Every structure is written in structure tokens, then in C-alpha cells.
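The values are calculated or read from the model by the stated rules, or taken from the named source; none is laboratory data. Note that the structure is a prediction, hence the values are computed from the model and not measured. In this analysis, Cβ positions are derived from the backbone assuming ideal geometry, glycine residues included, and neighbour counts consider all displayed protein chains. Just the protein is used for accessible areas: all its heavy atoms, side chains included, with ligands, DNA and RNA removed. Shrake-Rupley method; radii C 1.70, N 1.55, O 1.52, S 1.80 Å.
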Amino acid sequence: MNLLENIHGVWNLIGRNKMRSFLTMLGIIIGIMSVIIVMSVGAGAQSLIINQVSSLGSNLVGVLPGKSDEKGPPASAFGVVITSLKSDDIQELLKEDPHFIAATGYVKGTDTVAWGDQKTDTTFVGVNADLPNVEDAAVEKGRFFSDDEDKGSDKVAVIGSQVAKDLFGDQDPLGQTIKIKKTTFSIIGVMKMRGTSGFQNQDNQIFVPLSTAQKLLLGIDYISFARLKVDNAANVNDSMDQAGTILRERHKIDRPEDDDFSVRSMAQGLDAITKITDALKFFLVAVASIALIVGGVGIMNIMLAAVQERTREIGLRKAVGAKNSHIVQQFLIETVMITFIGGLLGIILGVLVSYFVAKVAQGMGYSWDFVVPIPAILLGCFVSIGIGLIFGITPARHASKLDPIEALRYE
Amino acid sequence: MPPIIELQNVSKEYHNEDVVTPVLHNLNFKIEKGEFVAIMGPSGSGKSTLMHILGFLDKITSGKYFFEGRDVSTLEDDELAQMRGNSIGFVFQAFHLLPRTTILENVMLPLIYTNVPEKERIKRATEALDSVGLSHRLQFSPGQLSGGEKQRAAIARALVNNPSVIFADEPTGNLDSKSGLQVMKILQKLNLEGHTIILVTHEKYTADHAKRILRVSDGEIISDEQVKVRLIAKDAEDLVK
């Protein structure tokens, strides 16, 4: 009796008990499906974040307050507020290093903004006049505020397209006045729609001059973040070193170990994000794997019951010449086939769900890639076969050790 | 030519923890090729154990068992399995056909374990079913067959490997008298064609269809004689070729 015949026989057996076979498989189907979804959706989410970050351009340098490890997250990610970085620092960098061609600091806050009776919850961002240049963002209507308006702490605002829609509907927002934190701002421009990108709706924010935001809205004198644009991606590393030297001098710091700021390039940022999302992904896969183990135990249980139920069949097979190894083979093939078919179904379902998630995300305007991770599929195949072997061997040996006389008498 | 079966001082006892239960004592007999022997005795007499030993399903405790001249008392499990597949055919009281499996596949089962190629398997199983008058039932499942038909299918399965001996353990026990007669008629026909048949039964009436009766009681052979007035099953011959 060869393997192919055995597989063929078991296939028929599974086909005759479709409902039970399916229920037996269910644990594996769900387990493999979860692993595939986690890996595929995880890869999609990762692509989304990376797409968003890299869309800002590879020739951007970020300056953050507080020292942080190159690979780790910045201190601000843990909610620590560091006040050492000032707007002047950034202007100085722009002045000192000719490779920096544009720069802006950032401060942010949220408020319910009102125009007459219309209200909307939004984010106000204090930035320098260079922002459109740094972020490659264009103004749709009106204009962005000028350097003088920034320095003069003028109460002018440039609103995102979403804000324009929410507050003004079809009316022209230009020249209107809105209230942010009880301060009246006049609208001088509307940003072009930038699409929802990442976890932040880029269109639901209001840009105001940095100094205005610091003094009138937030009452602070520091900035939480800065971006500088380098003329050429090849100069990024040199400019980062240069920025470090200049800032150390300004902050009277002797050794880089004592820095109260950090300078990052987009590449480093991507690296850190990839590491964090990878870790998250593996954690989720580990959680999903628990479903596989539960499924495996379920199959072992059902196969043990099947051995019991088929005691007479096993006795008969032995009586007509089956060796113990034939019986082991038969039951093992059955278990592996159930888990393998379950694995294939799980892969197909997982891919379909991931595709659906990607389509929905794309439909919502996210730059979400549909990724079918080939390693995940191969892993799914091997793991499902492996689970069949591991959890099938006990019932199979159990079956082969039955005494044929006892087995034939079994009612 | 050596006898098909020869037992020399065969004893069997079961050990259950420290309790020893003797089942068979000092059996000595021979069965030659072409015989039709009934092993007869009341339940608990040891006749079933004797059949299991003769059919390599159980091992003896002491003595010698020669099958076609070969000492089988020392064989390993796998060798015994092979012997069962090649030299023995079993017919059981409870039929033991695999459910949800066609009659043809059921009959092909012993051939699978003796590595007969698939085409040959189908051919031989079809022939075997033909010889028990079931050629019109090849694709039926056991659930669709009457008791008599099931037992005839089981006989076809016992026959398909062209075994040296066919063991029939109470083959008519679960059948009405008419179907029982058909089964006995087939067994007699097979014997006529040269098959050696060993029938295990507790009924004198059934045993009288054989040519020779071994009476077993309390694990011993109490008589071994030829059947004087042999019954020949004649009924329903149109069902059997």
C-alpha cells in the first residue's frame, strides 16, 4: 500500500464526513487565517506609515528637543515635555548652514474653533512661513502668511480644506474671522487638499504663525519639533553633523553625550518606525498562533474520539493484513490532511480579508498597499502540516496499538 | 505436502495481573488442504480463542503451531499481519464491512495491504463478488444491503486474496434461516472448488454442513469425527451462480 493510495482513501473519508471534517478544521482555519491577516494587514499598515513619512521627502532633517537614542523613540513619545529647543535655534541653523534651504518649527494644540454659530474641533499648528516649502504643501486659495506676519505675531490663519468645509460650507472663508482660544484670527488662505495620511487628517488643521501660537494660544517659548529641508539628499549627513555642532555651541554643551536635543534624518525615522511596527507585528502573530495551538489540541481530541469510534474498522483492517505501521500511516495522513486543507482554506480566507481591508483603506484615501506576504503563506502551509503531525501522532499510535480481537468485539 | 494446520500440544492461558486463566489445554490436531471443518462448542469453551490463534490474531502460550509446515509460534506482529493478509480470509458474525464505503472497495481492502496493483485489485474483487452473486451491487454501500448480502460481500472479501484457509466465525449468527442457508451454500461451493474452510459455530445444525466436526469443551477437544449425515444447502440456488 503506497502513500498516494492512502491519501486517496483518506480524501474519500474526509469527503464522506464533510460537516465533521469542516468543524474539525475550523480551529486551524481560524488560526492560519489570523496569522495571515495579521501579517498582511500588518505589512499594509507598515506601508501606510512608511509611505506617509517618506512622502515628506528624503531630504528632510528633524530636530527634536531632548536627547534620544538614534534607534529609539524620542522622549516626547513618552509624554515628557522638554523646553530646551527654541525657534531661534532653528533660524540660526538656517542662517549658518547654506545647505539648509527652508525650516520651520512646530507647536500644536487643539481647540473648538468657531465662526459665528459654526463650530469644529480641530488642531491648530504654529509654524514658520517656510512651511509650504518644507512640507511641499500648496495653498489653494489666498496665500500663506509671510515671514513678517510670523515675526510680528499677526493674528492670521491658513485653514485646511476640511476645516474650510466644516466651518464655511460653500461660502468663501477668505477674509472671515474665526475664534481660536478666544482670540480672533482672520483667514488669509485655504490649503490645498492633502488627503488623509497616516493617523492624522492633514486637512483638519489650521496653520497660524509660530510666535502667535506660542504667545497668544499656548503661552510657551519653546517649540516641540522642527523640520529643515536640505538642498540635496547627499548633503543630509553633513548638515546633520553641522546642526549638532551649532546647537551644542548655542546650548553651551561640550560633549555630544550631554545633548539636550536630537537631530534625525527621515531614514533614521523610517528605521525606527519599521522596528517598532515589526515588533508589534510579531507580537500579534504570536497571539494569533495561540489559536493554532488550540486548533491542534481540538484536532487531537477529535482524532482520539475517531479512533474510539473506528475501533472495529481498525480491528478489521488488522485482520485482513494491515500492519501497525499501516494504521499509524492512515491516521496520521488523515490528521495532516485535515490540518493542511484547513491551512489552505485559512490562507485563502486570510488573503481575502486582507484584500478587503486594503480596499476599504484605499477607498478611505489611505496609501495602503495590499501585501500578500509569501513567507506567511509558506509558514501557514508548513505550520498546518506540522500541527497535523504533532497532534496526530498520539491518536495514530493509539489506533495502531489496539488489539485486533478486542477491536473486532468492540460494539 | 505438509498439512495446512498442525497443532502440537498447544496451550493458551491469559494473564491478567496475577490471575492466570487457562483457556486451551494441550491441543493436538491437523487440518489438511481442502477440508471443511467445523469447530463446535458452547460459548466459553475456547473455540473463539482457538480460531483467533489459528488465524494469527492471537499467540499461543506453549506448544507448536505449524502453518503449511512453517512454525508460526515465534513470529513478530508484522509477520503475523502479513500472514493474515496473504494466507487467511475471515468471515465474521457481525460482517465488519466498512461503513460509507462501497462493496467493491470493501472487498478490495485485503489486496491493498498485500500490494496488489489497483487494476488487478478491481479485477479480482469484481470476480470475487461475482462468485457470491453480488456483481449487481458493486457500488452499493453496506447500509443499502440486506444481512445476507452483507455476509456474502464479507465472504467475497475473505476470498479475494485466494487464501489457504477461510475462517468463518458464526457466519449465520446474525442472519435469518434463508440467508443463512445461502451463506452455507456458498461456503460449501467454495469448499467444492478446493478452498479449505474452518467454521466456528455453537449450532449442531450449522456444523452439520461441514465434513468434519471438532468439538471443544472447557479448552479441550472432546471429539473429532467426520460428519455422518452431511447437510447440503440447496435453497435459493438461483441467487448463487
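Considering only residues that are exposed (fewer than 10 other Cβ atoms within 10 Å of the Cβ) and within 22 Å of the chain's Cα centre (by Cα), look in region B:216-233 and name the one that is modelled with the lowest pLDDT.
Keep residues of region B:216-233 that are exposed (fewer than 10 other Cβ atoms within 10 Å of the Cβ), which gives B:225-226, B:228-229, B:232.
Those still in the list that are within 22 Å of the chain's Cα centre (by Cα) too: B:225-226, B:232.
Values: B:Glu225: 92, B:Gln226: 93, B:Ile232: 87.
Of everything passing the filter in region B:216-233, B:Ile232 is modelled with the lowest pLDDT.
Could you list, in sequence order, the residues of region A:140-190 that are free of Cβ contacts under 8 Å to residues at least 60 places away in the same chain and basic (Lys, Arg)? Write out each step before concluding.
Applying the first criterion (free of Cβ contacts under 8 Å to residues at least 60 places away in the same chain) to region A:140-190 yields A:140-143, A:146-148, A:152, A:154, A:156-175, A:182-190.
Answer for region A:140-190, where residues must be free of Cβ contacts under 8 Å to residues at least 60 places away in the same chain and basic (Lys, Arg): A:Lys141, A:Arg143, A:Lys165, A:Lys182.
Residues in region A:261-300 that are surrounded by fewer than 17 Cβ atoms within 10 Å (Cβ to Cβ) and either in contact with a Lys or Arg (Cβ under 6 Å, 6 or more places away or on another chain) or among the aromatic types (Phe, Trp, Tyr) (or both): 2 in all. In the set (1) closer than 24 Å to A:Ala45 by Cα; (2) in contact (Cβ under 8 Å) with a residue 12 or more places away in the chain; (3) open to solvent by 40 Å² or more (accessible area, probe 1.4 Å), the condition left unmet by A:Val383 is number (1).
Is it fair to say A:Ile393 is more than 20 Å from A:Phe22 (Cα to Cα) and either away from chain B (no Cβ under 14 Å) or open to solvent by 40 Å² or more (accessible area, probe 1.4 Å) (or both)? For A:Ile393, the condition - more than 20 Å from A:Phe22 (Cα to Cα) and either away from chain B (no Cβ under 14 Å) or open to solvent by 40 Å² or more (accessible area, probe 1.4 Å) (or both) - is met.
Checked against the criterion of being modelled with pLDDT of 95 or more, among the polar types (S, T, N, Q), farther than 19 Å from B:Ile103 by Cα and in contact with a strand residue (DSSP E or B) (Cβ under 8 Å, 6 or more places away or on another chain), region B:195-211 has at least one qualifying residue.
Looking at A:Val230, is it modelled with pLDDT of 90 or more and buried (at least 18 other Cβ atoms within 10 Å of the Cβ)? Taking the combined requirement at face value, the residue does not satisfy it. Note on region A:5-35: residues that are in a helix (DSSP H, G or I) and either more than 30 Å from A:Val287 (Cβ to Cβ) or under 15 Å from the mean Cα position of the chain (by Cα) (or both) amount to 12. Which members of region B:53-78 meet the condition of being more than 8 Å from every other protein chain (Cβ to nearest Cβ) and under 19 Å from the mean Cα position of the chain (by Cα)? Result: B:Ile53, B:Leu54, B:Phe56, B:Lys59, B:Ile60, B:Tyr65, B:Phe66, B:Phe67, B:Glu68, B:Val72. Restricting attention to region A:301-339 and to residues that are more than 44 Å from the chain's Cα centre (by Cα), of a type in the set (A, V, I, L, M) and more than 9 Å from chain B (Cβ to nearest Cβ), the residue that is most open to solvent (accessible area, probe 1.4 Å) turns out to be A:Val328.
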